[in-house]
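First up is the structure itself, then whatever we jot down about it.
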Amino acid sequence: MSDKWLEWAKRIQALSQSGLAFSKDVFHRERYEELRGISTEIMQEYTGLEMKKIKDLFTNEEGYQTPKVDVRGVVFKDNKILMVKEKIDDQWSLPGGFCDIGLSPGENIVKEIKEEAGYDATPVKLLALLDMNKHPHPPQPYHYYKIFIQCRVTGGEAKSGVETKGIGFFEEEHLPELSVGRNTESQIKMLFEFLRDQRKETLFD
């Protein structure tokens, strides 16, 4: 039930932000601000994030709200998958992060793999485009789409970045402790299906 409340809160936040973006009436804007405040209180209750952090996130958002985009690099070597250890939680994820303005998804993942794992890479195939809400991630204040792109290493060497503290290749049956806000076990196992079947079609929600 808590996840349902969180879903409603995110919807209220999106509607209030859109209202603030388009409404010029001062009274309507006050009502939208109040709605945004209510959504912030609900999110604080169900995500455990500090109220100030949630407010800062939302007050920096402008315009019509759409899902945020997270891109993850999928690199296989000797039947193992590349993962990096996140400094923020000491858990493991595929290299990646939010897509930056001005870069395509492919350009973003090349940048992320280099920054987080030290490798030069070339994108070769879009494996999956997933809606975070349809997978067993912990509750999040925003709605995310996750893009998984298979890449081939072309150079470089293993090297941790500003946000990472470890790099490794892991077998499907011996995965490390995962940073489930970034990737789940079921998603990693789904990606190994592409290793076994090179003709497998792109998946999407």
Ile109 passes all but one of the listed conditions (1) surrounded by 21 or more Cβ atoms within 10 Å (Cβ to Cβ); (2) free of Cβ contacts under 8 Å to residues at least 12 places away in the same chain; the exception is number (2)
On the basis of being crowded, with 20+ Cβ neighbours inside 10 Å and either modelled with pLDDT of 95 or more or not acidic (Asp, Glu) (or both), does Ile149 make the cut?
yes
Within segment 112-128, can one find any residue that is β-branched (Val, Ile, Thr), surrounded by 15 or more Cβ atoms within 10 Å (Cβ to Cβ) and within 17 Å of Phe76 (Cβ to Cβ)?
yes
Tell me which of these Pro95 doesn't satisfy, since it passes every other one: (1) within 15 Å of the chain's Cα centre (by Cα); (2) surrounded by fewer than 15 Cβ atoms within 10 Å (Cβ to Cβ).
(2)
Filtering segment 2-31 for residues that are closer than 29 Å to His137 by Cα and either aromatic (Phe, Trp, Tyr) or open to solvent by 90 Å² or more (accessible area, probe 1.4 Å) (or both) leaves a count of 6
Taking the stated definitions as given, is Lys24 outside any helix (DSSP H, G or I) and modelled with pLDDT of 75 or more?
yes
So how many residues does segment 69-117 have that are hydrophobic (A, V, I, L, M, F, W, C), modelled with pLDDT of 95 or more and assigned to a loop (DSSP other than H, G, I, E, B)?
2
Residues of segment 1-46 being over 22 Å from Met132 (Cα atoms) and among the hydrophobic types (A, V, I, L, M, F, W, C), in sequence order, are Leu20, Ala21, Phe22, Val26, Phe27, Leu35, Ile38
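The values are calculated or read from the model by the stated rules, or taken from the named source; none is laboratory data. Because the structure is a prediction, the values reported are computed rather than measured. Backbone-built Cβ (ideal geometry, glycine too); neighbour counts: all protein chains shown. The protein model used for the area step is the full one, side chains on, heavy atoms only, and it has no ligands, DNA or RNA in it. Shrake-Rupley method; radii C 1.70, N 1.55, O 1.52, S 1.80 Å.
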